[in-house]
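Just below is one structure, and these are the notes that go with it.
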Amino acid sequence: MKTSTVQSKAQRFLEGSAIAGVLVLSALIAVEILLAIHHPAALLVALCALPAGYVLSDFTSGLIHFLADNFGDPETPYFGKNFIRPFREHHVDPKGITRHDFIEVNGAACILSFPVLLATWKWLLPETGDASAFFFPALILSHALSTLATNQIHKWAHQERPPRFVKKLQSWGAILSPKHHEVHHTAPFDRHYCITAGWLNGPLARIKFFESIEWLLGKKKKEPAGAVPA
């Protein structure tokens with residue numbers, strides 16, 4: 001079964017602007033961090049924050065994916081249509097994501113990242129001082145760029161013929177691979193929610209992280225994972 005989501009011109013403009021804004025702010029933040037670094041310790045702290053941001057993106061991708069798959073209403077104004085419904089439709093038509101262009105695939109994530117980056121640029125950038133002050137802004141920068149890449153990585157995991165360099169990264173386990181992600185699309189469709197690299201799927205499953213959230217929230221949706229309103 002195929003589904004189709006037609007973006008309005010206004011939504012497409014918003015998402016395209018969000019992508020552009022994330023890229024511009026990321027460049028500004030990266031330059032500001034580099035210009036403020038005056039000793040090796042600060043550089044080391046900033047560099048350590050980069051992989052930490054990538055791992056954090058894997059976690060947040062799983063958390064958002066889990067919540068969108070299992071809670072909420074696709075008909076909720078704006079949020080349901082643009083954040084919940086795409087995840088539900090993805091279970092109905094997993095290959096649908098491969099037919100979407102860059103803006104449609106990545107725009108929604110950038111809408112969430114843009115205000116965080118803007119706040120970081122305005123208030124959280126270090127000028128000088130303790131090396132530890134560089135960790136948080138570098139972490140946010142890395143997380144935002146990894147989040148921008150996440151749905152593109154997800155799309156590649158569903159493509160039959162992704163670019164050669166992507167296949168290499170998938171085979172090395174650096175990004176989400178089709179084999180790893182296939183577990184999520186296998187009944188009962190309630191595992192392996194993390195879709196940046198998938199590194200945290202195993203650890204989160206062992207500690208029953210998502211089951212704990214279900215218990216805390218007290219109610220899980222009753223429909224199958226792919227159910228969307230007609």
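Any read-out appearing in this document is the output of simple, stated calculations on the displayed coordinates, not a laboratory observation. These numbers come from a predicted model, not from an experiment. All Cβ positions, even for glycine, are placed from backbone atoms using ideal geometry, and neighbour counts span all protein chains on display.
Full-extension gain between Asp130 and Gln159, please, as 0.36 nm times their residue separation minus the C-alpha to C-alpha distance.
On the way: separation 29, 0.36 × 29 = 10.44 nm, distance 4.52 nm.
The Asp130-Gln159 span can extend by a further 5.9 nm.
Can you pull the semi-axes for the chain, root of five times each eigenvalue of the Cα gyration tensor, sorted largest first, whole Å?
Details: eigenvalues 195, 81, 65 Å².
Working through the eigenvalues yields semi-axes of 31, 20, 18 Å.
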- line: Of 138-144, 158-164, 115-121, ordering from highest average Cβ density within 10 Å down gives 138-144, 115-121, 158-164
field: Dipole magnitude (debye, nearest 20) for the stretch 1-120, charges at Cβ of Lys, Arg, Asp, Glu
entry: 260 debye
field: Given charges at beta-carbon only (K, R positive; D, E negative), |dipole| of the chain in Debye
entry: 640 debye
field: Lysine-lysine proximity count for the chain, Cα under 17 Å, sequence distance 8 or more or distinct chains
entry: 13
message: At 0.36 nm per residue, and after removing the present C-alpha to C-alpha distance, how many nm does the segment from Leu118 to Asp101 gain when stretched out fully?
response: 3.6 nm
message: So for the chain, averaging the separation of alpha carbon pairs under 8 Å that are six or more residues apart and normalising by length, what relative contact order in percent results?
response: 32 percent
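Cα-Cα pairs above 15 Å in the stretch 138-215: how many percent? All intermediate terms of the calculation are to be shown ahead of the outcome.
Numbers: 1791 of 3003 pairs.
Value for the stretch 138-215: 60 percent of Cα pairs lie more than 15 Å apart.
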message: From the helices alone, meaning DSSP H stretches of at least four residues, give me the mean residue ellipticity at 222 nm for the chain, per-run term -39500 (n - 2.57), in deg cm²/dmol to the nearest 500.
response: -19500 deg cm²/dmol
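Report the local net charge at Ile140: Lys and Arg +1, Asp and Glu -1, summed over other residues whose C-beta lies under 13 Å from its C-beta. Please list the in-between numbers first.
On the way: positive: Lys122; negative: Glu32.
My count for the surroundings of Ile140 gives 0.
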message: Translational diffusion coefficient of the stretch 96-230 at 4 °C, 1.567 mPa s, Stokes-Einstein with Kirkwood Rh over Cα pairs, in µm²/s as a whole number.
response: 74 µm²/s
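Would you list the membrane-span-like helices of the chain, meaning whole DSSP H runs whose alpha-carbon atoms span at least 18 Å along their axis and whose mean Kyte-Doolittle value is at least 0.0?
Details: long enough: 9-36 (40 Å, 1.47); 40-70 (45 Å, 1.20); 102-119 (25 Å, 1.81); 135-158 (34 Å, 0.46).
Span-like helices here: 9-36, 40-70, 102-119, 135-158.
Expected output is a single nm value to one decimal: the length gained when fully extending between Lys81 and Arg191, i.e. 0.36 nm times separation in residues minus the C-alpha distance. What is it?
On the way: separation 110, 0.36 × 110 = 39.60 nm, distance 2.35 nm.
Working it through step by step, the gained length comes to 37.3 nm.
Compute the semi-axes of the equivalent ellipsoid of the stretch 130-179, taking the square root of 5 times each eigenvalue of the Cα gyration tensor, and list them largest first in whole Å. Present the calculation step by step, with values, prior to reporting the outcome.
Numbers: eigenvalues 171, 24, 11 Å².
So the equivalent ellipsoid measures 29, 11, 7 Å along its semi-axes.
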- prompt: Arranged from highest to lowest average of other beta-carbon atoms within 10 Å per residue, in what order do the peptides 60-69, 208-217 appear?
  reply: 60-69, 208-217
